[in-house]
Amino acid sequence: MIKIQKKNFNLEKEIKNIKDNLSSVGAVSSFIGYVRDFNNNEDVKSICLEVYYEMAIKELAKIKNNAIKKWNLADCLIIHRYGELKVSEKIVLVACFSEHRKNSFEACKYIMDFLKKDAPFWKKEFYYKRSSWLKNTI
Amino acid sequence: MIKIQKKNFNLEKEIKNIKDNLSSVGAVSSFIGYVRDFNNNEDVKSICLEVYYEMAIKELAKIKNNAIKKWNLADCLIIHRYGELKVSEKIVLVACFSEHRKNSFEACKYIMDFLKKDAPFWKKEFYYKRSSWLKNTI
Amino acid sequence: MIIKYFAWIKDITDKDYDEIKNNPPKTINDLKKMLCESYPDLEKHINSDILRYAINMEYTSINQKLNSKDEIAIFPPVSGG
Amino acid sequence: MIIKYFAWIKDITDKDYDEIKNNPPKTINDLKKMLCESYPDLEKHINSDILRYAINMEYTSINQKLNSKDEIAIFPPVSGG
């Protein structure tokens, strides 16, 4: 499932929602990305995340489907927020559901690597006296 | 933080509880292990998890501290349950908190590998007509 | 044809998108030329090859042909996650 | 000295632990001999080297010396997580 939304999400509910229908799943690997308080040697106040919504849905679905096929996942959840986010707020959740842990770990890492490279989101960081558009580093 | 407990836990609350004090953390990688409905070619009804409590606390603390040092983690949470658990219930949570995702991913995988190998827990699976003590596979 | 702008590209174009009804560019290279003329401040970025182009929400890295009904997007390196 | 049993070891010993007040074993090898005598069904497992031993909650893989106040644990391969 792919969700691109402004509002926050609850990890327990989002993961339970999918896991409850998958009793053969023994392993869920997840990654949660947060707004950091310090970047580029400056204190961060907040960020604004811009998204090319329709393309992001397509790109994330593509990445998700590749991972599901490659690691035989039972399911995969990607939630990415956009809009104004304060320090310590969640930005992204990736959760991979598989029978055993090896596949879920590898799939989760793969999805994050591609998401950082190809998903059309842009972060603008607001510091105390200026703001700056970011570029992902690998 | 290490918790060895009978009762269930809430992912959102447990992770938020630690994350709220760590505003420099941008990455949390986590693993959740669940009771699977099928193992050893048999339908599983439930499991019973036995623990050598005092030694498990020591072993998990050792694994946690090694991971924190090796990957410079801001923190690390391990929750492991014991007692009777039904299919689809959570067994274990490992969550690694770091500035960037690479370290949290690697640390989380490392902790799970060691936990499976060295943490003194034993699973007894209950099938429909018999039960069996398990041995972890790598 | 719709040309969409994102992130700091939008700071240069000062708008979210352009709609081109007459004589739309026929290739990505045509589009680049057109953009350099309309937005001189974009030229150095277009020439530096850091920008990415999508046609109907699919990345393109070659000088692909464009259709008058295409939705083209031009944007800087992404920074989500 | 306390000797603790876990998982299916306990199914063989039929108890959680033994407390040894007189003449406790002096090494892990002594302990193994004692266990084989007390619980003949344990012998094949002890000889097959699959069991693990902990002294005061630390794994030991060698024939370590034991102290009369030690807590020893003997258990099968773990299966947590």
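The values are calculated or read from the model by the stated rules, or taken from the named source; none is laboratory data. Please read these numbers as outputs of a predicted model, since none were measured by experiment. Cβ: placed from backbone, ideal geometry, glycine included. Neighbour counts: every protein chain shown.
The set of residues from segment B:60-72 being more than 13 Å from chain D (Cβ to nearest Cβ) and either under 25 Å from D:Asp16 (Cβ atoms) or surrounded by 21 or more Cβ atoms within 10 Å (Cβ to Cβ) (or both) comprises B:Lys64, B:Ala67. Quick check, is B:Tyr110 within 14 Å of A:Ser29 (Cα to Cα) and among the hydroxyl-bearing types (Ser, Thr, Tyr)? In short, yes.
In segment D:16-68, how many are acidic (Asp, Glu) and touching a helix residue (DSSP H, G or I) at 6+ places or on another chain (Cβ under 7 Å)? The total comes to 3.
For segment A:113-131, the set of residues classified as in a strand (DSSP E or B) and facing chain C (nearest Cβ under 9 Å) consists of A:Phe121, A:Trp122, A:Lys123, A:Lys124, listed by residue number. Every listed requirement among (1) within 14 Å of chain C (Cβ to nearest Cβ); (2) outside any loop (DSSP other than H, G, I, E, B); (3) touching a helix residue (DSSP H, G or I) at 6+ places or on another chain (Cβ under 6 Å) is met by A:Ile57 save one, (3).
Considering segment A:74-89, the residues that are out of contact with any Lys or Arg (no Cβ under 7 Å at 6 or more places or on another chain) and in contact (Cβ under 8 Å) with a residue 60 or more places away in the chain include one that is surrounded by the most Cβ atoms within 10 Å (Cβ to Cβ), namely A:His80.
For A:Phe105, indicate whether it is part of a helix (DSSP H, G or I), of a type outside the set (Ser, Thr, Tyr) and modelled with pLDDT of 95 or more. The answer is yes for A:Phe105. Output yes when any residue across segment C:58-76 is hydroxyl-bearing (Ser, Thr, Tyr) and in a helix (DSSP H, G or I), and no when none is. No: zero hits.
Taking A:Ser29, is it over 19 Å from B:Leu22 (Cβ atoms), among the polar types (S, T, N, Q) and in contact with a Phe, Trp or Tyr (Cβ under 6 Å, 6 or more places away or on another chain)? Yes, satisfied.
Considering B:Glu50, B:Glu106, the condition of being within 9 Å of chain D (Cβ to nearest Cβ) and of a type in the set (Asp, Glu) is satisfied by B:Glu50 alone.
Test D:Ile3 against the criterion of being of a type in the set (A, V, I, L, M, F, W, C) and surrounded by fewer than 16 Cβ atoms within 10 Å (Cβ to Cβ), and give yes or no. Criteria not met by D:Ile3.
Does D:Lys10 satisfy the condition of being away from chain B (no Cβ under 14 Å), without any contact (Cβ under 8 Å) to a residue 12 or more places away in the chain and either part of a helix (DSSP H, G or I) or of a type in the set (Val, Ile, Thr) (or both)? Spell out the reasoning first.
Details: away from chain B (no Cβ under 14 Å): no; without any contact (Cβ under 8 Å) to a residue 12 or more places away in the chain: yes; either part of a helix (DSSP H, G or I) or of a type in the set (Val, Ile, Thr) (or both): yes.
Here the answer is no, as D:Lys10 does not meet what is asked.
Considered as a group, the residues in segment B:4-26 that are over 11 Å from A:Ser88 (Cα atoms) and of a type in the set (D, E, K, R) include one that is nearest to the other protein chains (Cβ to nearest Cβ), and that residue is B:Glu12. Checking each residue in segment A:60-92 for being under 26 Å from A:Cys48 (Cβ atoms) and not hydrophobic (A, V, I, L, M, F, W, C) picks out A:Lys62, A:Lys64, A:His80, A:Arg81, A:Tyr82, A:Gly83, A:Glu84, A:Lys86, A:Ser88, A:Glu89, A:Lys90.
Take B:Ile32 and tell me if it is within 15 Å of B:Leu134 (Cβ to Cβ), within 14 Å of chain D (Cβ to nearest Cβ) and either under 17 Å from the mean Cα position of the chain (by Cα) or surrounded by 15 or more Cβ atoms within 10 Å (Cβ to Cβ) (or both).
No: the conditions fail for B:Ile32.
Taken over segment C:58-81, residues that are out of contact with any strand residue (DSSP E or B) (no Cβ under 9 Å at 6 or more places or on another chain) and within 14 Å of chain A (Cβ to nearest Cβ) amount to 1.
Looking only at residues that are part of a loop (DSSP other than H, G, I, E, B) and under 25 Å from B:Ile57 (Cα atoms) in segment D:21-57, which one is farthest from the other protein chains (Cβ to nearest Cβ)?
Within segment D:21-57, the subset part of a loop (DSSP other than H, G, I, E, B) is D:21-26, D:39, D:48-51, D:56-57.
Among the residues that remain, those that are also under 25 Å from B:Ile57 (Cα atoms) are: D:50-51, D:56-57.
Values: D:Ile50: 9, D:Leu51: 12, D:Asn56: 9, D:Met57: 4 Å.
Looking at the filtered set, the residue picked out is D:Leu51.
Among the residues of segment B:37-53, those that are in contact with a strand residue (DSSP E or B) (Cβ under 9 Å, 6 or more places away or on another chain) and not in a strand (DSSP E or B) comprise B:Asp37, B:Asn40, B:Val44, B:Lys45, B:Tyr52, B:Tyr53.
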